[in-house]
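The structure appears below as structure tokens.
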Amino acid sequence: MQSRDCCSHSCARYLPPFAYPTLLVPLLFSPGVLAQQKGEFDCRADLKYECTADQCERVTEDFQHEESFLYNAKTGELSACLWTNCYSAKTKAFTVKAGGAITAIGRLIPVVHPKNKPLVVSLTIKTSAIEGGEDEKKAPFTAIWGYGGDRLTFDMGECVLKPPAKGSRG
């Protein structure tokens, strides 16, 4: 059984503070490309919030191996594997004007079960926090999915930036 804790706002009827920045994405970001990062971000969640209009519940276990995101900064392709299906599509990328983060957002098409409905997914990677050596760099991320008017899911964790394969152009 999954361990769940209530959000820090005593289960108030308001979105938690971390939700507000995501609602302002179109206002805060400008279109751009991630020219300095040509590799692929492999993102794995450590923490998850499942939110409705009434409350958010924190999930800390039994989902990590079932939810992951892969973003190719060169092609704009975003893939999300969420439980029993994977979704993929080319996305629109936005960068913070100061260059501190990139957000890829798009309507992803189901891959494993093609009769399922497409899924809107956004992935924000804090590129200004990239740390690590030449072969493996890491940065925190927030992914939001399950947009539908009555609920959202937030996944948070770490992305590993894998450089482009040797011999590839970019």
The size of the Cβ-based charge dipole (Lys, Arg +1; Asp, Glu -1) of the range 93-154 about the Cα centre, to the nearest 20 debye, is 380
Using only the heavy atoms of the protein chains and a 1.4 Å probe, how would 109, 130, 125 rank by accessible area, largest first?
109, 130, 125
Reported to the nearest 10 Å², residue 152 has, with a 1.4 Å probe, an accessible area equal to 30
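The values are calculated or read from the model by the stated rules, or taken from the named source; none is laboratory data. No experiment lies behind these values; they were computed from the predicted model shown. Cβ sites come from the backbone with ideal geometry, for glycine too, and all protein chains shown count toward neighbours. Areas reflect the complete protein model, heavy atoms only, side chains present, ligands, DNA and RNA absent. Shrake-Rupley method; radii C 1.70, N 1.55, O 1.52, S 1.80 Å.
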